[in-house]
Amino acid sequence: MPVDAATRAPPGMAEAVARIRRVLGPSGCLEAPADVEPYLVDFRGLYRGATPLVASPASTHEVSQVLAICHELGVAVVPHGGNTSYCGGATPHEHGTEIVLALRRMKRIREVDAANYSLVAEAGCLLAEVQAAAEAADRCFPLSLGSEGSCQIGGNLSTNAGGLNALRYGVARNLVLGLEVVLADGRVINGLSSLRKDNTGYDLRDLFVGAEGTLGIITAASLALHPRPRTVETAFVAVAGLDAAVELLSRLRTVTGDCVTSFEYLPRIAVELTVRHIPGVTDPFDRPHPAYVLCEASTARRDPALRGLLEQTLAAALEEGLALDAIVAESLAQRESLWRLRESVPEAQKVEGASIKHDVSVPVSSLPGFAADATAAVLEIAPRGRLVAYGHVGDGNLHFNVSVPEGGSAGEFLAKAPAIHAAVHAIVRRHGGSISAEHGIGRLKREALAEHKALVDLDVMRAIKHALDPKGILNPGKLLPPGDAK
Ligand code: MLT
Ligand code: ZN
């Protein structure tokens with residue numbers, strides 16, 4: 001079967017649905033249109049699909065049974081976590097020939113091993129629940145995203161989520177020790193090791209992280225924990241632009257002994273949009289500045305010196321004109337309100353109207369050059385487009401978004417999206433970057449992936465897909481480029 005989804009229901013669909021009903025019982029099957037509805041539309045509202053069944057197994061054994069049935073009968077399966085994908089990765093296609101496999105009932109924290117700094121969580125645990133379980137054992141699971149109250153750990157791993165702390169702790173891939181995975185034919189890889197060292201051949205675990213459910217279904221994960229931060233200092237700094245932000249990051253990493261946990265960049269327009277659209281968000285400064293960074297530094301020690309280091313570095317930067325203004329949060333409430341400002345940017349941009357998004361990364365040192373080139377290219381295509389380029393500058397990851405011109409037509413603006421994507425992605429390539437830093441490929445970026453990846457890489461990816469999912473039943477039409485071209 002090619003990687004694209006079949007557009008007619010396979011003959012075995014009715015039988016598959018009947019057999020899955022018997023295996024899972026009524027509590028594990030949603031079929032009424034109103035119950036199925038939330039699984040049909042992706043988070044950004046880009047896709048609307050159809051399905052005869054949302055299957056919600058409650059155990060790994062049940063996932064295995066469902067997949068064995070689907071494999072035998074050639075029925076495609078779309079895994080579904082918290083539905084926070086930006087790329088339509090968890091939404092079934094419109095033709096309704098796929099069942100949805102929701103992991104939401106697999107929500108147990110199976111084990112917390114504080115001495116080993118690890119825990120085992122099932123795929124349907126919310127990220128916030130994993131963080132809370134770690135905290136209850138005086139540990140920290142540092143993956144942190146704006147959507148942590150609704151995204152699920154299985155989805156975080158399947159998309160190799162990045163988020164706000166990747167600068168210090170790495171992305172999801174760096175936080176996973178072992179995985180339990182159900183293969184397309186229903187066999188189970190019991191890989192829930194919590195070892196830091198295991199050199200016994202090919203690393204199967206890493207195949208499934210970032211595979212977006214196209215190679216197997218992650219049902220549980222052994223996750224690496226860290227000591228809980230005891231000292232956290234948060235600063236909001238006005239800067240002239242990316243050049244200054246990159247220089248400031250470099251200084252702060254050195255001065256604090258690499259204690260910078262987050263370093264988030266916001267252009268002026270991002271602050272204006274959040275203040276305009278998000279209740280309770282205010283501008284931290286009394287006058288506007290071209291751009292800002294939200295910087296957080298933390299240590300696992302009680303370390304009163306950290307604040308002093310931050311303040312001294314910022315004072316020197318202010319003196320030199322590298323920083324234009326700065327505040328260091330005085331209270332938890334102030335810290336939370338700074339984070340609320342940052343985390344509300346996607347929502348504020350959504351309320352403002354149509355936007356064309358890019359989730360790109362380049363080496364941190366190339367960010368200013370990339371942004372200058374990409375801004376010029378975008379403005380040539382959409383002269384009144386509003387650049388809202390913000391994000392995880394500490395990781396070289398910019399959400400290089402463009403909002404519809406003020407008072408402009410969304411339709412006219414969005415018609416320029418293909419030209420804008422092509423121009424921005426070409427510049428990303430020139431700067432040695434990636435076209436998907438943290439949001440994945442899903443359905444949205446398959447064509448872009450075909451352009452971006454070398455032929456040999458795509459060949460190896462297809463060979464792996466074929467070896468693990470020879471019938472092409474796992475999340476077809478996602479991640480791998482369409483057709484057999486390239
Ligand atoms: C963020 O960093 O806020 C998210 O990745 C969402 C976005 O790209 O809009
Ligand atoms: Zn992001």
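Please treat every number below as a calculation from the coordinates, not as lab data. These numbers were taken from a predicted model, which means no experiment stands behind them. Here Cβ is always computed from backbone atoms with ideal geometry, including for glycine, and neighbour counts include all displayed protein chains.
Here are some notes:
- Any chance Thr256 is closer than 22 Å to Leu398 by Cβ, surrounded by 16 or more Cβ atoms within 10 Å (Cβ to Cβ) and among the β-branched types (Val, Ile, Thr): no
- Residue in the stretch 472-480 that is hydrophobic (A, V, I, L, M, F, W, C) and free of Cβ contacts under 8 Å to residues at least 60 places away in the same chain present: no
One line per residue, one yes/no per condition, for (1) within 17 Å of Glu272 (Cβ to Cβ); (2) away from ligand 2 (no atom under 16 Å from the Cβ); (3) without any contact (Cβ under 8 Å) to a residue 12 or more places away in the chain:
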{"residue": "Pro383", "(1), (2), (3)": "no, yes, yes"}
{"residue": "Tyr390", "(1), (2), (3)": "yes, no, no"}
{"residue": "Val393", "(1), (2), (3)": "no, no, no"}
{"residue": "Gly396", "(1), (2), (3)": "no, no, no"}
{"residue": "Pro405", "(1), (2), (3)": "yes, yes, no"}
{"residue": "Leu414", "(1), (2), (3)": "no, yes, no"}
{"residue": "Arg429", "(1), (2), (3)": "no, yes, no"}
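- Residues within the stretch 138-185 that are part of a helix (DSSP H, G or I) and within 28 Å of Ala115 (Cβ to Cβ), tallied: 12
- Within the stretch 416-429, not a single residue is touching a Lys or Arg at 6+ places or on another chain (Cβ under 7 Å) and in a loop (DSSP other than H, G, I, E, B).
- Where helices (runs of 4 or more DSSP H) fall wholly inside the stretch 293-366, the ranges with 1 or more residues that are within 14 Å of ligand 1 (Cβ to nearest atom) and touching a helix residue (DSSP H, G or I) at 6+ places or on another chain (Cβ under 8 Å) are 332-343, 345-352.
- Taking (1) farther than 22 Å from Lys445 by Cα; (2) among the charged types (D, E, K, R); (3) within 16 Å of ligand 1 (Cβ to nearest atom) in turn, Asp395 satisfies each apart from (1).
- One residue from Gly96, Gly82 being part of a loop (DSSP other than H, G, I, E, B) and within 14 Å of Val17 (Cβ to Cβ): Gly96
- Qualifying residue in the stretch 330-340 (condition: on the phi < 0 side of the Ramachandran plot, within 16 Å of ligand 2 (Cβ to nearest atom) and out of contact with any Cys (no Cβ under 7 Å at 6 or more places or on another chain)): yes
- Scanning the stretch 437-453 for residues that are within 28 Å of Leu167 (Cβ to Cβ) and either more than 16 Å from ligand 1 (Cβ to nearest atom) or without any contact (Cβ under 8 Å) to a residue 12 or more places away in the chain (or both) yields Leu449, His452, Lys453.
- Subset of the stretch 143-171 (residues that are out of contact with any Pro (no Cβ under 8 Å at 6 or more places or on another chain), surrounded by 24 or more Cβ atoms within 10 Å (Cβ to Cβ) and of a type in the set (S, T, N, Q)): Gln152, Asn156, Thr159
- Residues satisfying the stated conditions in the stretch 341-369, i.e. polar (S, T, N, Q) and either more than 15 Å from ligand 2 (Cβ to nearest atom) or without any contact (Cβ under 8 Å) to a residue 60 or more places away in the chain (or both): Ser355, Ser365, Ser366
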